[in-house]
Amino acid sequence: MRLIIKISLFCIVFTASWGQGIRYHVDLQHIQHDRVPVQVTLPKQQSNSIVFSFPKQVPGTYSNYDFGRYIQDFKAIAKDGKSLPIKQKNVNQYLIEQANLLDHISYSVNDTWDSPEIKGEYIFEPAGTNIQADTMVAFNVHGFLGYVEGLSTLPVQVSIDKPSQLFGSTSLVNTGKGNKDVFTSLNYQSLVDAPIMYSEADTTNLQFGDTQILVSVYSPNHTISAKQIAENIRPMLIAQRNYLGGKFPVKRYAFIIVLSDNLKGGSFGALEHSHSSFYYLPEGTIDQLGQTIRDVCAHEFFHIITPLSIHSEEIGNFDFMNPKMSQHLWLYEGLTEYAAHHMQLQGKLIDSDAFFRTIQEKKETMEMQFKQDISFTNMSKLVLGKYKDQYANVYQKGALIGFGLDLTLRQLSHGKWNNQLLLQALSKEFGPTKSFQDDQLFDKIIQITKLPALKDFFKAYVAGTQPLPIESWLQQLGYTWDANQQEDAKTLGFDPQGLSINTETKRAIIQSNSAINSLGKLMGMQAKDELVAINGLPTDIENFVKNTQKILQIIQPGDTLAWDIARKGADGNYQTMHLKAPYFVIQQASRQAIRSVKNPSKEQLDLRANWMQ
């Protein structure tokens, strides 16, 4: 989810006087203790008091982050140089008295990536900020710049003094010179929609017709270059262009990629914007990360359709302080995730075996990690609170809903409709500046496609809790889920798809009993156990992959497998327990349980051809 404003971020010209706009000045040349000084100049205020705010939540994220936590030394300075009285209303807002005398506001900003002393919600790195003086600054605008309540629609200008060796990669146009970058935007919302990364320049440009695409990379150990990533994603972008009808809906776009050799939060991924996307990925070689980069970039780039051109009023009028959630995460994230994989199949970047392995993994992960008795619309509406821990199901069940909808559209319309054509039609109906009403989307889709039977699909699988009929959908294509196919597997007592990260303890956690296999049951593992050490080797976030892979490589049947786990008691405290058992190889369902039937019918082959073409 994200805020959409119809603008060309690359061709903005302001004729209004900056006396009527807001000016920000950011100093990256005098960073002290990972803190950046910021100064804000407002138009002359007529009222006696104003409220200056920092976002509580931002588009594309589904947690209350409270960026005001990272602000220090907030001051309001009068024209005579004296401080005006201020009152901090809450963690994100400051009330400034005698605002009619205000000359400027000043404060300093801490970074979210490396401020363990600041307590509160863990901020996903692509939505956060990093401050490494003279090396790299992850400048997500919402983490550095605040706004005045009631004035967020005014034009804005931000000037950034930077060290000479750093280059600012962004989708915004830089009108500055030398060591001063200057960016302008129509308003605060559109400025937030354009992150900047400052680092030593490692950039490459790709040209597709009249669309220019920037690839910018920060790799601390120089394991991957922007040129390598650009060549890696070029075939994907060609396939996406074809998938979108032969033309990109943007003139320029920026892939801003940070590679890390220390994933402190234990997770990685990206955050979408209308003309760019910001990535936080583990450092490695292009051979190690090539497919991961393609998958993540494919997903984020598809957000130029949803929700750039298709979004509800909750997104089109995003409230940074008191956000309201749309019920359509199945559309924004689910269909996007499905398209990212289906596009690669259609573009022959992956084969059908690889695609269906993904479908199988998503189904198994959905069943192991997430509740099955919650409707997707209800989960979406309550994702900031009650169902916060269910959000990641958008990439599992949400993608499977996309798969089922695509097949249902094709079958009901005899090949005349599919997800691609539906999204094109919805984009034409609404577009970047027109929002749909949240409770009317299903009816609008039925009206556009003239397929009333879609009502049953939405009622059962999106607004309802009926189990997704994956096997039935596969049968339509002439594929079957062969649950009898078994294979030997070396495991560590659980299916890794059933693991998630406890961001507070920084440990891997077994989400459900269904993720525990016969070896784990023999050892006494339980759902919600947190993994501390394996055969004496630590399995904290930093060491988990290295040490679990080491044990898997050397352990043999009959050897002892020992896990130290942390189990929470009724009093809420953790108790460390030592579990062990003789090691053995288990039998598990084949990782390629989805297979083509031996003699598919003409109807199945026709739908398969229509779906793959």
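The values are calculated or read from the model by the stated rules, or taken from the named source; none is laboratory data. Keep in mind that what you see is a predicted model, and the values were worked out from it rather than measured. We place every Cβ from the backbone using ideal geometry, glycine too, and count neighbours over all the protein chains shown.
The figures follow:
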| item | result |
| --- | --- |
| Restricting segment 361-406 to residues that are farther than 22 Å from ALA483 by Cα, crowded, with 21+ Cβ neighbours inside 10 Å and aliphatic (A, V, I, L, M), the residue that is modelled with the lowest pLDDT | VAL383 |
| All positions within segment 424-442 that are surrounded by fewer than 13 Cβ atoms within 10 Å (Cβ to Cβ) and either in a helix (DSSP H, G or I) or acidic (Asp, Glu) (or both) | LYS428, ASP439, GLN440 |
| Qualifying residue in segment 475-490 (condition: modelled with pLDDT of 90 or more, over 24 Å from ARG357 (Cα atoms) and surrounded by 16 or more Cβ atoms within 10 Å (Cβ to Cβ)) | no |
| The listed residue being more than 30 Å from LEU407 (Cα to Cα), at pLDDT below 90 and not assigned by TED's automatic domain parsing to the domain that holds ASP353, out of GLY572, GLY493 | GLY572 |
| Selection within segment 543-566 - under 32 Å from the mean Cα position of the chain (by Cα) and exposed (fewer than 15 other Cβ atoms within 10 Å of the Cβ) | ASN543, VAL545, LYS546, GLN549, LYS550, LEU552 |
| In segment 512-542, the residues that are touching a residue at least 60 places away in the same chain (Cβ under 8 Å) and either in a strand (DSSP E or B) or buried (at least 22 other Cβ atoms within 10 Å of the Cβ) (or both) | ALA515 |
| Flag for THR433 being within 24 Å of HIS303 (Cβ to Cβ) and over 28 Å from the mean Cα position of the chain (by Cα) | no |
| Residue that is farthest from GLY150 (Cα to Cα) [pool: residues in segment 86-110 that are part of a loop (DSSP other than H, G, I, E, B) and at pLDDT 95 or above] | VAL91 |
| Tally of residues being of a type in the set (Asp, Glu) and under 16 Å from VAL58 (Cα atoms) across segment 258-311 | 1 |
| Condition broken by GLY81, with the remaining ones in (1) more than 27 Å from VAL217 (Cα to Cα); (2) part of a strand (DSSP E or B) satisfied | (2) |
| Number of the exception - ASN174 against (1) in a loop (DSSP other than H, G, I, E, B); (2) at pLDDT 95 or above; (3) in contact with a Lys or Arg (Cβ under 8 Å, 6 or more places away or on another chain) | (3) |
| Looking only at segment 456-489, and only at residues there that are in a strand (DSSP E or B) and of a type outside the set (Asp, Glu), the one that is farthest from the chain's Cα centre (by Cα) | GLN486 |
| Every residue from segment 192-205 that is buried (at least 17 other Cβ atoms within 10 Å of the Cβ) and either over 25 Å from HIS142 (Cβ atoms) or not hydroxyl-bearing (Ser, Thr, Tyr) (or both) | VAL192, ASP193, ALA194, PRO195, ILE196, MET197, ASP202, THR204 |
| Selected residue [assigned to a strand (DSSP E or B) and out of contact with any Asp or Glu (no Cβ under 8 Å at 6 or more places or on another chain)] from ILE256, ILE310, ILE233, ILE293 | ILE256 |
| Per-region count, segment 215-227, residues buried (at least 20 other Cβ atoms within 10 Å of the Cβ) and not in a loop (DSSP other than H, G, I, E, B) | 5 |
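Let's see how each residue does on (1) in the same structural domain as LYS363 (by TED's automatic domain parsing); (2) within 27 Å of MET366 (Cβ to Cβ); (3) modelled with pLDDT under 95:
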{"position": "GLN420", "(1), (2), (3)": "yes, yes, yes"}
{"position": "LEU423", "(1), (2), (3)": "yes, yes, yes"}
{"position": "PHE442", "(1), (2), (3)": "yes, yes, no"}
{"position": "GLN447", "(1), (2), (3)": "yes, no, no"}
{"position": "PRO452", "(1), (2), (3)": "yes, no, no"}
{"position": "ASP456", "(1), (2), (3)": "yes, yes, no"}
{"position": "PRO469", "(1), (2), (3)": "yes, yes, no"}
{"position": "TRP473", "(1), (2), (3)": "yes, yes, no"}
